[in-house]
1. When residues of segment 270-286 are filtered for being buried (at least 19 other Cβ atoms within 10 Å of the Cβ), outside any strand (DSSP E or B) and either without any contact (Cβ under 8 Å) to a residue 24 or more places away in the chain or in contact with a strand residue (DSSP E or B) (Cβ under 6 Å, 6 or more places away or on another chain) (or both), how many remain?
2. Considering only residues that are over 15 Å from residue 268 (Cα atoms) and either among the aromatic types (Phe, Trp, Tyr) or part of a helix (DSSP H, G or I) (or both), which ones fall in segment 293-316?
3. Assess whether residue 135 counts as being within 14 Å of residue 193 (Cβ to Cβ) and modelled with pLDDT of 95 or more.
4. Only one of these conditions is not met by residue 50: (1) farther than 19 Å from residue 99 by Cα; (2) more than 12 Å from the ligand (Cβ to nearest atom); (3) touching a helix residue (DSSP H, G or I) at 6+ places or on another chain (Cβ under 7 Å); (4) in a helix (DSSP H, G or I). Which number is it?
5. Of all residues being over 11 Å from residue 13 (Cβ atoms) and aromatic (Phe, Trp, Tyr) in segment 270-301, which is nearest to the ligand (Cβ to nearest atom)? Just the residue, please.
6. Consider residue 22 against the criteria (1) under 23 Å from residue 417 (Cβ atoms); (2) within 12 Å of the ligand (Cβ to nearest atom): it satisfies all of them except one. Which criterion is unmet?
7. Could you tell me whether residue 56 is within 16 Å of the ligand (Cβ to nearest atom), more than 21 Å from residue 429 (Cα to Cα) and not assigned by TED's automatic domain parsing to the domain that holds residue 325?
Amino acid sequence: MSNIVIIGTQWGDEGKGKIVDHLAEFADIVVRFQGGNNAGHTMVIKGKQFISHLVPSGILQGKKCYLGNGMVIDPDVLIEEMDELTKNGIDVSPEKLKISEKAHIIMPYHKMLDKAREEMKGDKKIGTTGRGIGPCYEDKATRRGIRFVDLIDPNVFKEKVNAIIEEKNFYLKDFLKSETINPMHIIDEYSNYAKRLAPHAVNISVAMSQGIKKNNKILFEGAQGTHLDIDHGTYPYVTSSNTVAGNACNGAGVGPKDITGVVGIVKAYTTRVGAGPFPAELFDEIGDRIQEKGAEFGATTGRRRRCGWLDTVLLRNAVRLNSPTGFVITKLDVLGGLEFLKICTHYEFQGKQIDEVPASLKALAECKPVYETFPSWSEDISHIRKYEDLPQNTKNYLKRIEELTDVPIQLISVGPGREETIVIENPFQ
Ligand code: IMP
């Protein structure tokens with residue numbers, strides 16, 4: 001049995017998409033277990049770039065892909081992606097792409113609420129992606145959500161929309177001073193989505209269990225990153241789901257014994273989109289250089305990502321929360337050519353060195369990063385395929401990450417292409 005969870009260790013955008021794509025080759029099944037179209041990764045089909053927000057990239061390699069019960073799904077976006085993939089000759093038939101009956105459905109009012117609330121917050125906004133993610137999870141928690149199984153039953157769907165719409169419109173109009181929505185429009189629009197998507201419905205827990213019995217290899221694909229986790233992240237500047245490895249079990253209907261490994265994706269530096277504290281953030285020309293060279297723009301919103309040095313206080317937090325069996329270092333090539341590199345080893349808080357991320361945002365905002373400085377390398381490392389061939393300074397940087405986190409590095413990404421990868425140990429073996 002070999003079932004691996006992939007999670008981001010920082011604030012998302014660690015380059016999970018490329019690594020999932022790389023490892024999907026060794027898997028039989030790829031499952032997403034949380035989040036929705038707030039995530040995004042770039043796929044390349046026949047030389048053409050395509051950003052997927054919901055469908056796992058394993059679909060390109062003909063793997064069975066599942067959207068887990070822990071996800072929130074915007075059916076319009078999903079159908080658009082399926083159409084684009086079909087146009088490019090990719091099989092997204094119900095044999096290949098399956099949707100958990102228990103996944104929650106993003107409704108038009110979720111998106112309207114997300115945007116109107118952010119607007120109302122002014123400079124206190126979270127910087128959400130505006131895709132309705134939070135309001136959809138909110139309805140899930142208050143037991144008024146609409147699940148995929150409800151969407152595909154016309155009578156249940158109508159009943160559920162009619163039961164909730166008055167309250168949503170009241171809130172939109174009277175509190176948020178925003179537009180309202182006609183329930184008949186929703187029912188018309190969504191009944192078309194229901195017809196199209198119904199054949200993809202699956203009991204994901206049963207499907208996973210059957211796969212495991214057949215000794216299928218499963219890749220559980222996390223979205224966002226550990227520090228955007230609703231419980232463990234920099235709350236409230238977080239997303240609305242659990243992004244840590246443990247949620248692969250909840251979000252895909254498997255027990256913990258079925259997971260055999262956890263791969264933590266670590267970008268060689270730190271980035272974050274949206275608001276919230278970021279102790280190792282760079283506000284100088286080095287930050288700008290990293291942002292430009294790393295093309296650090298959000299795949300979903302196109303926003304410029306904030307950039308900073310690698311922060312191992314965050315990484316050790318991610319290690320505690322996810323128990324990774326290995327790390328993948330991504331975008332290492334971006335750091336080449338800088339005069340020096342820094343790694344944040346601790347924070348200084350009220351005159352003391354601390355080694356944890358404080359729960360209080362006020363305290364976290366006061367934390368000053370304590371750095372070790374390293375010489376960088378000037379060589380272009382993007383063509384290197386063997387660890388031994390990396391410049392000594394690059395190896396020193398990687399070795400220090402392993403020492404500071406006590407996690408072995410299994411893969412190193414030195415460029416966006418699938419082949420631009422150094423494999424030290426395949427997590428699937
Ligand atoms: P939401 O998930 O749209 O509610 O946004 C909440 C916070 O999570 C915002 O700061 C977003 O920028 C951030 N976020 C959501 N999805 C991603 C992602 O895939 N990568 C990085 N940040 C994300």
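The values are calculated or read from the model by the stated rules, or taken from the named source; none is laboratory data. Quantities reported herein were computed from a predicted structural model and do not represent experimental measurements. Here Cβ is always computed from backbone atoms with ideal geometry, including for glycine, and neighbour counts include all displayed protein chains.
1. Of the residues in segment 270-286, 4 are buried (at least 19 other Cβ atoms within 10 Å of the Cβ), outside any strand (DSSP E or B) and either without any contact (Cβ under 8 Å) to a residue 24 or more places away in the chain or in contact with a strand residue (DSSP E or B) (Cβ under 6 Å, 6 or more places away or on another chain) (or both).
2. Once the filter is applied, which keeps residues that are over 15 Å from residue 268 (Cα atoms) and either among the aromatic types (Phe, Trp, Tyr) or part of a helix (DSSP H, G or I) (or both), segment 293-316 yields only 297.
3. no
4. Unmet for residue 50, out of (1) farther than 19 Å from residue 99 by Cα; (2) more than 12 Å from the ligand (Cβ to nearest atom); (3) touching a helix residue (DSSP H, G or I) at 6+ places or on another chain (Cβ under 7 Å); (4) in a helix (DSSP H, G or I): (4).
5. Selected residue: 278.
6. Every listed condition holds for residue 22 apart from (2).
7. The answer is yes for residue 56.
To keep it simple, each residue is scored yes or no on (1) assigned to a loop (DSSP other than H, G, I, E, B); (2) at pLDDT below 95; (3) among the polar types (S, T, N, Q).
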| residue | (1), (2), (3) |
| --- | --- |
| 374 | no, yes, no |
| 380 | yes, no, no |
| 399 | no, no, no |
| 402 | no, no, no |
| 411 | no, no, no |
